[in-house]
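Every number here is computed from the coordinates shown, using simple stated rules; none is lab data. Source: prediction; values computed, not measured. Glycine also receives a Cβ, built like all others from the backbone with ideal geometry; neighbour counts cover every protein chain displayed.
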């Protein structure tokens, strides 16, 4: 099996993992309100390489989370992955952050019943989500949805998890048929199994044209003009 580096930066979690032959060799995970991806992702990459005792020439692929999620985080993670793939002349594997979130939930040992709805924070009461089948990648497109009574009535029974679900924890308390599993995050170590399957299938992305799935258009505002002195 190949030596694969996995990078996930779509949320407030900066996560890097290195694995080979189905085994996790090293990982680093840091969740912070300050969005530390720019200062930490390359440091974490170097640290896992050193901890695992492997050389750059041994790397066979880089897998990267492509969202949906944070514009800044996704750009940083994708840029780091692309830079390594260009330099090492190895393939890149883009993986949905929602699929990684499902893999993290499955590894957590939590009881997962009904339909699975991984949720990534899209601000206010919006989340990026889609119904996902266990143990396989989904082809369904993630969309931003508003969490309200209509959503519950339409989608229960369901299991919800991720930072998008956690921000609405009080909402789920009075939601019949909804099981909320707290603390689940899209760990790069959980991405490893998906990346290895993609590697075996030769399902690589085009290095030049791979772009993140941001989920929705940027909310760009112009700075307020200062009054003339």
**OP:** With 5 Å bins from zero, work out the P(r) of the chain over every alpha carbon pair and list the percent per bin.
**Re:** 1, 7, 15, 19, 19, 15, 10, 7, 4, 2, 1, 1, 0, 0
Original post:
Just 34, 12, 167 to compare: in a GNM of the chain, with alpha carbon springs under 10 Å, which one fluctuates most?
Top reply: 34
Original post:
What is the ratio of the Cα radius of gyration of segment 98-181 to 2.2 N^0.38 Å, where N is its residue count, to two decimals?
Top reply: 0.98
Subject >> Residue with peak Gaussian network fluctuation, the chain [Cα springs, cutoff 10 Å], from 204, 128, 171 >> reply: 171
Subject >> Relative contact order computed over segment 98-181 (Cα-Cα under 8 Å; 6+ residues apart), in percent >> reply: 31 percent
Original post:
So how do 9, 78, 143 line up by other beta-carbon neighbours within 10 Å, fewest first?
Top reply: 143, 78, 9
**OP:** Averaging over all projection directions, find the projected area of the Cα convex hull of segment 20-110 and quote it in nm² with one decimal place.
**Re:** 6.6 nm²
Original post:
For segment 145-167 and segment 21-58, what is the separation of their Cα centres, given in Å?
Top reply: 32 Å
Original post:
What's the exposure ranking of 148, 99, 89, going from fewest to most Cβ atoms within 10 Å?
Top reply: 89, 148, 99
Original post:
Counting pairs of alpha carbon atoms under 8 Å apart in space and at least six apart in sequence, what relative contact order in percent does the chain give?
Top reply: 24 percent
**OP:** Have a look at 75, 50, 20 and tell me which one the Gaussian network model of the chain (Cα, springs below 10 Å) gives the largest fluctuation.
**Re:** 50
